[in-house]
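Data block below; observations after.
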Amino acid sequence: MSRTVLLALALAGVASPLAALPLSVRVVDSSGRPVRDAVVTLTPASGMHGPRAGGRFVVSQKDLQFHPFLTIVPVGADVSFSNLDPTKHHVYSFSTAKRFELKLFAKDQSRTVHFDRPGVVALGCNIHDGMSAFIYVTDSAWTGRTNAQGLVAFADAPNGPGRVIVWHPYLRTPAGTMQQGVSPGQRTASFSIRLRAPPSMPMSDY
């Protein structure tokens, strides 16, 4: 085979996108029990592939709680905060990814916030201290939450090097995250994480 043909084949291989492979990630606690609703994000070394931008999501206030407790949205999403309680709410966040304040709004009223930066947004109510929730804003198409078995699967993960990051609001690390590298051809990854006790409040929908 001539050097010209070999060079052409090599260039074609460089230009071709990496084939996709399924990647399954399992998250357990320090006792080996599955961790539900951990956020898992894959960031390929070949470059980020963003999720479909925008979209509309709802975080309601009902029975003096946020529902759902955890919401994953892409960068550029609009989130509607709907008050279903007979009392007023004052929703706010001091998070770096999004600082905002929705002053008093009553039953059947709603306010909308645009989330334009990736990161974790912690929610609170300035009237009801027991209310808390989180919005995870992602710029990766490969972001999901673990199920009751502690598993999340990405059917089309790039077959190349990258990092898998796990976030949980009660994870015992300074940033609430853990991460590890993934190699080409790797189809599974696992994390054992230490969780602190959640606040003593009802967390239905979590």
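The values are calculated or read from the model by the stated rules, or taken from the named source; none is laboratory data. The model shown is predicted, which means the values in this text are computed figures rather than measured ones. FYI the Cβ positions are ideal-geometry reconstructions off the backbone, even for glycines, and counts take in every protein chain you see.
Only residues that are surrounded by 14 or more Cβ atoms within 10 Å (Cβ to Cβ) and without any contact (Cβ under 8 Å) to a residue 40 or more places away in the chain: list them for the stretch 94-108, please. Don't jump to the end; show me each part of the working.
Our first condition is that a residue be surrounded by 14 or more Cβ atoms within 10 Å (Cβ to Cβ); within the stretch 94-108, this holds for 95, 97-98, 100, 102, 105.
Answer for the stretch 94-108, where residues must be surrounded by 14 or more Cβ atoms within 10 Å (Cβ to Cβ) and without any contact (Cβ under 8 Å) to a residue 40 or more places away in the chain: Ser95, Lys98, Phe100, Leu102, Phe105.
If Arg145 passes every condition in (1) under 22 Å from Val73 (Cβ atoms); (2) in the same structural domain as Gly32 (by TED's automatic domain parsing); (3) in contact with a Pro (Cβ under 8 Å, 6 or more places away or on another chain) but one, which one does it miss?
The failed condition is (3).
Considering Ala189, Ala153, Ala133, which residue is under 27 Å from Ser80 (Cα atoms), surrounded by 13 or more Cβ atoms within 10 Å (Cβ to Cβ), of a type in the set (Gly, Ala, Ser) and in contact (Cβ under 8 Å) with a residue 24 or more places away in the chain? Give the steps one after another, and end with the answer.
Working: Ala189 fails: under 27 Å from Ser80 (Cα atoms); Ala153 fails: under 27 Å from Ser80 (Cα atoms).
Going through Ala189, Ala153, Ala133 in turn, just one is under 27 Å from Ser80 (Cα atoms), surrounded by 13 or more Cβ atoms within 10 Å (Cβ to Cβ), of a type in the set (Gly, Ala, Ser) and in contact (Cβ under 8 Å) with a residue 24 or more places away in the chain: Ala133.
Between Gly144, Gly160, which is closer than 24 Å to Thr43 by Cβ and not in a strand (DSSP E or B)? Step through it out loud before you land on a result.
Working: Gly144 fails: not in a strand (DSSP E or B).
Just one listed residue meets the conditions, Gly160.
Any idea which of Pro199, Pro169 is in a loop (DSSP other than H, G, I, E, B) and in contact with a Phe, Trp or Tyr (Cβ under 6 Å, 6 or more places away or on another chain)? Even if it seems obvious, please write down each step before you answer.
Details: Pro199 fails: in contact with a Phe, Trp or Tyr (Cβ under 6 Å, 6 or more places away or on another chain).
Sole residue among the options that is in a loop (DSSP other than H, G, I, E, B) and in contact with a Phe, Trp or Tyr (Cβ under 6 Å, 6 or more places away or on another chain): Pro169.
Can you name every residue in the stretch 147-183 that is over 24 Å from His49 (Cβ atoms) and among the hydrophobic types (A, V, I, L, M, F, W, C)?
Within the stretch 147-183, Ala148, Leu171 meet the criteria.
Quick check on this structure: which one of Val25, Val58, Val40, Val35 is touching a His at 6+ places or on another chain (Cβ under 8 Å), at pLDDT 90 or above and of a type in the set (A, V, I, L, M)?
Working: Val25 fails: touching a His at 6+ places or on another chain (Cβ under 8 Å); Val58 fails: touching a His at 6+ places or on another chain (Cβ under 8 Å); Val40 fails: touching a His at 6+ places or on another chain (Cβ under 8 Å).
Step by step, each of Val25, Val58, Val40, Val35 is checked, and only Val35 is touching a His at 6+ places or on another chain (Cβ under 8 Å), at pLDDT 90 or above and of a type in the set (A, V, I, L, M).
Find the residue count for the stretch 53-107, including only residues that are part of a strand (DSSP E or B), touching an Asp or Glu at 6+ places or on another chain (Cβ under 6 Å) and under 21 Å from Val39 (Cα atoms).
3
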